[in-house]
Amino acid sequence: MFDGFPKSKFNIVTSEGVLRGTTEAIATGKEIIVPDQNVIIQPGDEMRRTLPNGTDETFDVIDPVFMQETFGIPGHFQVKVRKKGMFPHGTGGNYTISVTGPNSRVNIGSTDQSTNINIDQSVISKVRQAITAQVEDNAERAALLSALADMESAGDKSALSAAYQRFISSAANHMSVIAPFLPALGQMFGG
């Protein structure tokens, strides 16, 4: 029955980004007819076919319904789909990317232009404790703690560098307090 229809090779990709299987099917617009009765298709999967131009035409599986053989029509799946889009082969769609840890990032089809800003909170905490314990003048202590907080909250490299310079200038009269921390601070903020 289905032999006379043009078929395309479809990859079935799970919502977790795993290739579930490959099958031949007939695309009809909002539905894909899958003659293979043994294929596994779940709602949330993608059906992807590579077009002659090399791009993947991608469909979201909405409702895969198995139709029993009846009136000489063999059993098959009628898969209701929604077109997701056209992607370069092997990209886009149901691909899961997990990142963790400091300075994690993902670049897909782009060049990484970011800068790592990694602030060691244990060093900052120790500097804060030393300033609080050893700087007796309330105004100077407040100025140093404020400058330290500015370094912590600086969002980019130039703001970090400027905040670090302000902190060092504020600490000129208290070098004996912050001297033990200067190598670590310089590495985090001055570089």
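Filtered by the rule that a residue be within 14 Å of residue 12 (Cβ to Cβ) and surrounded by fewer than 16 Cβ atoms within 10 Å (Cβ to Cβ), region 37-49 gives 38, 40, 42, 43, 44. Among the residues of region 50-65 satisfying the criterion of being surrounded by fewer than 18 Cβ atoms within 10 Å (Cβ to Cβ) and within 17 Å of residue 78 (Cβ to Cβ), which is farthest from the chain's Cα centre (by Cα)? Ranking the qualifying residues of region 50-65, first place goes to 65.
Of everything in region 66-88, what is over 15 Å from residue 39 (Cα atoms), touching a Gly at 6+ places or on another chain (Cβ under 7 Å), open to solvent by 30 Å² or more (accessible area, probe 1.4 Å) and not in a loop (DSSP other than H, G, I, E, B)? Give them in sequence order. Within region 66-88, 84, 87 meet the criteria. Considered as a group, the residues in region 12-36 that are without any contact (Cβ under 8 Å) to a residue 40 or more places away in the chain and among the polar types (S, T, N, Q) include one that is least open to solvent (accessible area, probe 1.4 Å), and that residue is 23. Of all the criteria given as (1) open to solvent by 60 Å² or more (accessible area, probe 1.4 Å); (2) part of a helix (DSSP H, G or I); (3) among the charged types (D, E, K, R), the one not satisfied by residue 136 is (2).
Report yes if residue 147 is touching a helix residue (DSSP H, G or I) at 6+ places or on another chain (Cβ under 9 Å) and modelled with pLDDT under 90, otherwise no. The answer is yes for residue 147. Between a residue in region 157-179 that is without any contact (Cβ under 8 Å) to a residue 40 or more places away in the chain and any residue that is of a type in the set (Asp, Glu) and surrounded by 14 or more Cβ atoms within 10 Å (Cβ to Cβ), which pairs come within a Cβ distance under 6 Å, given they are 6 or more apart or on different chains? Final answer for the pair search is 163/150.
The values are calculated or read from the model by the stated rules, or taken from the named source; none is laboratory data. Because the structure is a prediction, the values reported are computed rather than measured. Cβ sites come from the backbone with ideal geometry, for glycine too, and all protein chains shown count toward neighbours. Areas reflect the complete protein model, heavy atoms only, side chains present, ligands, DNA and RNA absent. Shrake-Rupley method; radii C 1.70, N 1.55, O 1.52, S 1.80 Å.
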